[in-house]
């Protein structure tokens, strides 16, 4: 059984390293997604701010506001498209990190089960 324990321990260490790598990849993707979402939120707040003025617009102010609105809406569209392009890779990174983390947990549980079984056998021999 000690060979099995050593093998499981080795597999668990390898799985933990792979899990750490996948978690780091996921963390990087997550940071990028959060940054794009923050930019989108900022642009949407900016857009709301254009029209949240207490006084009526003059014609020149209305033209400027409309031009700024168009520019901001184009920026929002670009950011949303960028986010949509990122999401498939983000989901793949999340799935890979989850899979590798689960593998570590399974190997750890197998090791604990093997320890428990070894202890039971040792007690029976006494």
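Where a number appears in this text, it was derived from the coordinates with a stated rule and is not lab data. All values reported here derive from a predicted model rather than from experimental measurement. Here Cβ is always computed from backbone atoms with ideal geometry, including for glycine, and neighbour counts include all displayed protein chains.
In the set (i) 99; (ii) 112; (iii) 141, the label that goes with volume of the Cα convex hull per residue in Å³ computed for this structure is (i). The packing ranking, built from the mean of other Cβ atoms within 10 Å per residue, places the peptides 66-74, 8-16 in the order 8-16, 66-74, highest first. Axis angle, to the nearest 10 degrees, between helix 59-125 and the longest C-alpha principal axis of the chain: 10 degrees.
The residue 83 and residue 53 beta-carbon pair, evaluated with R₀ = 41 Å, returns a calculated FRET efficiency of approximately 0.90. What FRET efficiency comes out for the pair residue 62/residue 98, r = Cβ-Cβ distance, R0 = 35 Å, nearest 0.05? After rounding, the FRET efficiency stands at 0.10.
The long axis of helix 2-51 is offset from the longest Cα principal axis of the chain by roughly 10 degrees.
What's the FRET efficiency of residue 125 with residue 6 using the Cβ-Cβ distance as r and R₀ = 22 Å, to the nearest 0.05? Between residue 125 and residue 6 the formula returns 0.55.
Exposure proxy ranking for 82, 116, based on other Cβ atoms within 10 angstrom of each Cβ and starting from the fewest, stands as 116, 82. Taking every alpha-carbon pair under 8 Å whose residues sit at least 6 apart, the chain reaches a relative contact order of 53 percent.
With runs of 4+ DSSP H residues as the only contributors, calculate the mean residue ellipticity of the chain at 222 nm using -39,500 (n - 2.57) per run, divided by the residue total and rounded to the nearest 500. About -35000 deg cm²/dmol.
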